[in-house]
Amino acid sequence: MSSTSMRTLVWFRGKDLRISDHGPLCEAACHGEVIGLFVLDPYFFAPERARELPHRMQFLLESIAALQSNLEQLGSGLVLARGKSIEVVPRLARRWRVDKVLAQRWTEPFARKRDAIVAERLHVPFELHEGETLAVPEEVRTGEGKSYSVFTPFARAHRAVVRVGSPLRAPKTLPPLPDDIRADKATLPSLESLGIAHNPRLLAGGERAARERLRRFLASAAERYDAERDRLDLASTSRLSADLKFGTLSIRTVWTAARRALERTNPKAWRSFSNELLWREFTHAVLWNNPNLLKHPRRAEFETFPWEPNEPGWRAWCEGKTGYPIVDASARQLLGEGFVHNRARMISASFLVKDLLIDYRRGEAHYMKYLTDGDWAQNNAGWQWSAGCGFDAQPYFRVFNPIDQGRKFDPTGGYVRRWIPEIARLPDKHLHAPWEAPAAVLRAAGITLGETYPNPIVNHASARNRFLAIAQGRMSAR
């Protein structure tokens, strides 16, 4: 190693699993030797922990393997090491005599604590690059210098303040891993070794698969995004959420490509899609400024809300057996392919919290377990929004009617029929409320309510009134 070159440790951490538009990698490539490291931290990779996020783990392992391959094609590689990050990174940085450690910043409070410990233990500079979001922390502020609590003014300010630069190109080549690098020679665990069954319905992980998803979206559904994004029976969304969560695509890459494809030719579609990306920005900014949100509702009156255990209702909701087809379809989609359409997420969350009076945090944890795109900031914001207790939350008195929502956003029944085949033969008129179908129609469809498909576990109108009475009483007592 020459006296003018540096040895840089690039710490890949699970939200930046790519070589394109990767600030730490690009910086390191310009200054000498590069050591790419991924730590198999037991916080995620201990079998008992990994089994609590089976779909995310499958996507993560595929994406790490793809990153390994991509780095090898550039002439380098990815070193895997087992152990706690706060111990492994300082130890290897010292053993390998690195001059600097680079990584991409995370938003979550537990990650910020991890980084503070690592920075304290390192004997060399530890620099965090942006990349998880378009805006740096606290860049988008009110005129008084405060953080925003409502999305619309935040989005307006973000568009005015944040300048999105061009994505960085991947390095064309990287120097080989230095000869003296001797890690524990850890290998990537298999799903089988973690006790997780492979799910063939999940999206494929890795940067190449992510780029192909972006290409397909921009060539098809993107131009109709403003009109069709809420349709459950159409392939109307980008399906890029897992790619953004794991960083197989950078948010800057998606923003730039979509803007180039849509802004002039389909400005409404661009506005609608970019608002979804800005909602993601909003949720991360909110969590950065309010790190306790992962444990507590924003509105204090919901801290002691009289939620009910309702174990039968909880099991029915988790398994997709509530008797409300649109709710059940979303539950089965979550378990089946690790994804739920955003409209279905809102309907399902409203039903759990307001029809069944079950604590939103139980639903939030269930979604985090099975979502491939499980993102702490967005998942928490979505559940608090649905419960009416978060930032920019829907009013507590807005309760989604699962029948009306099904008829409006799954008008052809394609979504329900895919996930609930036992009622697929019902005509559209009765598909979202099977109990309203005449006996002859049910017989013709091969349905016996209570046997082949459950009766509704609650009466929606009565459940809605019960929730509103409780909520209104608590709000008026503030």
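Selection of first residues in the range 385-398 that are farther than 16 Å from P153 by Cβ and of second residues that are of a type in the set (D, E) and surrounded by fewer than 19 Cβ atoms within 10 Å (Cβ to Cβ), restricted to Cβ pairs under 9 Å at least 6 apart or on distinct chains, gives the following pairs, ordered by first then second residue: C389/E301; C389/E303.
How about the range 210-227: which of its residues are surrounded by fewer than 17 Cβ atoms within 10 Å (Cβ to Cβ) and touching a Ser or Thr at 6+ places or on another chain (Cβ under 8 Å)?
Correct list: R224 only.
Among the numbered conditions (1) surrounded by fewer than 13 Cβ atoms within 10 Å (Cβ to Cβ); (2) closer than 14 Å to D328 by Cα; (3) touching a residue at least 12 places away in the same chain (Cβ under 8 Å), the only one that P421 does not meet is (3). Annotation note: Cβ proximity below 7 Å between a residue of the range 110-136 that is more than 26 Å from R163 (Cα to Cα) and a residue that is surrounded by fewer than 16 Cβ atoms within 10 Å (Cβ to Cβ) and modelled with pLDDT of 95 or more (sequence gap 6+ or interchain) occurs for H123/R94.
Does any residue of the range 280-287 turn out to be in contact (Cβ under 8 Å) with a residue 40 or more places away in the chain, crowded, with 19+ Cβ neighbours inside 10 Å, basic (K, R) and not assigned by TED's automatic domain parsing to the domain that holds G363? Scanning the range 280-287 turns up at least one residue that is in contact (Cβ under 8 Å) with a residue 40 or more places away in the chain, crowded, with 19+ Cβ neighbours inside 10 Å, basic (K, R) and not assigned by TED's automatic domain parsing to the domain that holds G363.
Within the range 154-173, the set of residues being touching a residue at least 12 places away in the same chain (Cβ under 8 Å) and assigned to a helix (DSSP H, G or I) comprises F154, A155, A157, H158, R159, V161. Restricted to the range 242-268, and to residues there that are assigned to a helix (DSSP H, G or I) and of a type in the set (S, T, Y), the residue that is nearest to D21 (Cα to Cα) is T253.
Only one of the numbered conditions (1) surrounded by fewer than 24 Cβ atoms within 10 Å (Cβ to Cβ); (2) part of a helix (DSSP H, G or I); (3) touching a residue at least 12 places away in the same chain (Cβ under 8 Å) is not met by L25, and that is (1).
Pull out all pairs, ordered by first then second residue, where Cβ-Cβ is under 7 Å, the residues are six or more apart or on different chains, the first lies in the range 293-314 and is within 16 Å of S350 (Cα to Cα), and the second is acidic (D, E) and in a helix (DSSP H, G or I). From residues that are within 16 Å of S350 (Cα to Cα), there are no pairs. In summary, I457 fulfils each of the numbered conditions (1) surrounded by 14 or more Cβ atoms within 10 Å (Cβ to Cβ); (2) at pLDDT 95 or above; (3) assigned to a helix (DSSP H, G or I) with the single exception of condition (3).
Exactly one residue out of T322, T237, T256, T248 is within 19 Å of R213 (Cα to Cα), in contact (Cβ under 8 Å) with a residue 60 or more places away in the chain and more than 17 Å from the chain's Cα centre (by Cα): that is T256. Return yes when A424 is out of contact with any Leu (no Cβ under 8 Å at 6 or more places or on another chain) and either on the phi < 0 side of the Ramachandran plot or of a type in the set (S, T, Y) (or both) and no when it is not. Considered against the rule, which asks whether it is out of contact with any Leu (no Cβ under 8 Å at 6 or more places or on another chain) and either on the phi < 0 side of the Ramachandran plot or of a type in the set (S, T, Y) (or both), A424 comes out as yes.
The values are calculated or read from the model by the stated rules, or taken from the named source; none is laboratory data. Owing to the predicted nature of the structure, the values given are computational and were not obtained by experimental measurement. All Cβ positions, glycine included, derive from the backbone under ideal geometry; neighbour counts span all protein chains shown.
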